[in-house]
Amino acid sequence: MANSSLLSFFERLFFKPNLFDWVVIALLSPLSLIFGTFMLLRRIITIQKNYHIPIVSIGNLTVGGSGKTPFVIELASKYKDAHIISRGYGRQSKGLVTVSHQGQILTDVFQSGDESMLMAKSLPNASVIVSENRVIAIEEAKKQGAKVIFLDDGFNRVGIKKFEILLFPEDIKNYMPFPAGAFREFFFSKQFANLNLTENQDFQRKVTLDNPHKKMLLVTAISNPQRLKDFLPKGMVGHIYLEDHAYFDEEVLRTEMNRLGATSLLVTEKDEVKMEDFKLPLSVMRLRLQIKNEILEKIDDYIGEYKVSITSPNP
């Protein structure tokens, strides 16, 4: 049930390279230069289209988790008729799927993906749509009455006119683009964003634990699970790391619990939405973000000014 050695290697290469990894990084750097140049040219030559609705994109320059999902949840909770658009990573469906409408869940986690279902369940007054084609999803959101759209992981959707927010981890060691590093573009591409926010400077994670047990087995399917270490409680008897967005086998987890003497599974909220039908005790780490007020004000100013600009009569 543990991650493959190849996956572990790339997570270390991307996020915590050792001396040997820097040799690999140097060998892969020509490919990274080509990839980064292609992504930069794509960004420069693409003409953005205005969809006449405020669109706020929350993204990152690196692969893997950076707090996008809780950031989207925190922002969308503050607005009426907000629609969240995501690709729906890890889902077993294709095309456009309306996950929820004004808080009403319309599908299951297999059709939505784990992060999209978490957003849908966390936002009783918002709507969530998943689609590989974000343009089609934007038009559908407008038909459904959206007043503001939050685009999950939308920085690389360069053809859409939007307010760009990029989230960065506090400690970055490898700044190389893929495949030598975790960056999707050159690091200086952050200059194309409206806001560049760093964890523990502009926003902070606050974690609480529901239903703690004395003997918990950590089970998670998130990218770079080592980032959980600062939030892990006492009482862990072991851990199981799966590939990001992977689904869980209840009987395998039950066997591991019995083998290790665990009395509950320690999971994130993203994992929990895929275990709702499991008859196993869960201890859930609840994550919320605290975002600086001045950041929230800048986003609110954009949304307010955009609405005024499209509703004001022409002189």
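Derivation of every value follows stated rules applied to the coordinates shown; laboratory data play no part. Please read these numbers as outputs of a predicted model, since none were measured by experiment. Every residue, glycine among them, receives a Cβ derived from its backbone with ideal geometry; neighbour counts consider all protein chains shown.
Site-free segments of the chain were taken between GluC sites (Glu not before Pro) in DSSP loops having at most 13 other Cβ atoms within 10 Å, sites themselves excluded; the longest one is 1-131. Under the convention that each Lys and Arg Cβ holds +1 and each Asp and Glu Cβ holds -1, the size of the dipole of the chain around its Cα centre is about 320 debye. The residue list F231, A126, L41 was ranked by how far each Cα lies along the charge dipole of the chain toward its positive end, using unit charges on Cβ atoms, and L41 comes out on top. In a simple Cβ point-charge model (Lys, Arg +1; Asp, Glu -1; nothing else charged), the range 205-289 has a dipole of about 560 debye relative to its Cα centre. Projecting label points 7 angstrom from Cα along Cα→Cβ for Q48 and Q102 puts them 3.1 nm apart. Per the Debye formula on identical point scatterers at the alpha carbon atoms of the range 68-153, with no solvent, log10 I(q)/I(0) at q = 0.18, 0.24 Å⁻¹ is -0.61, -1.15.
With just the Cα atoms defining each centre, how far is the range 43-97 from the range 187-231? Give it in Å. Here the answer is 18 Å between Cα centres. Entry note, the chain: relative contact order of 22 percent, from Cα contacts under 8 Å with a spacing of 6+ residues. Volume of the convex hull of the range 95-138 (Cα atoms only), normalised per residue: 59 Å³.
Its DSSP H runs of at least 4 residues, each contributing -39,500 (n - 2.57), put the calculated 222 nm mean residue ellipticity of the chain at -10000 deg cm²/dmol, to the nearest 500.
Projected over every direction and averaged, the convex hull enclosing the alpha-carbon atoms of the range 105-222 yields 10.8 nm². Compactness of the range 205-289 is given as radius of gyration and Dmax, 11.7, 36 Å, from Cα positions. Over every Cα atom in the chain, the radius of gyration and the widest Cα-Cα span, Dmax, amount to 20.3, 74 Å. The label-point distance for N194 and D277, in a model that sets each label 7 Å from Cα toward Cβ, rounds to 4.1 nm. Beta bridges assigned by DSSP with both partners in the range 202-315 are antiparallel in approximately 40 percent of cases.
Across the range 205-289, Cα pairs under 8 Å and at least six residues apart give a relative contact order of 43 percent. Residue by residue, what Karplus-based ³J(HN,Hα) values in Hz, rounded to whole numbers, does the range 184-197 have, using 6.51, -1.76 and 1.60 with θ = phi - 60° and x for Gly and Pro? Here the 3J(HN,Hα) series is 7, 8, 4, 4, 6, 5, 4, 5, 7, 8, 7, 9, 10, 10 Hz. Figure legend: label point modelled 7 angstrom from the Cα of Q92 along Cα→Cβ; residues of the range 107-132 with amide N under 16 Å from it are 107-115, 117. Think of the chain as a dipole: +1 on every Lys or Arg Cβ, -1 on every Asp or Glu Cβ, centred on the Cα centre; then among S100, F248, N194, N194 lies furthest on the positive end.
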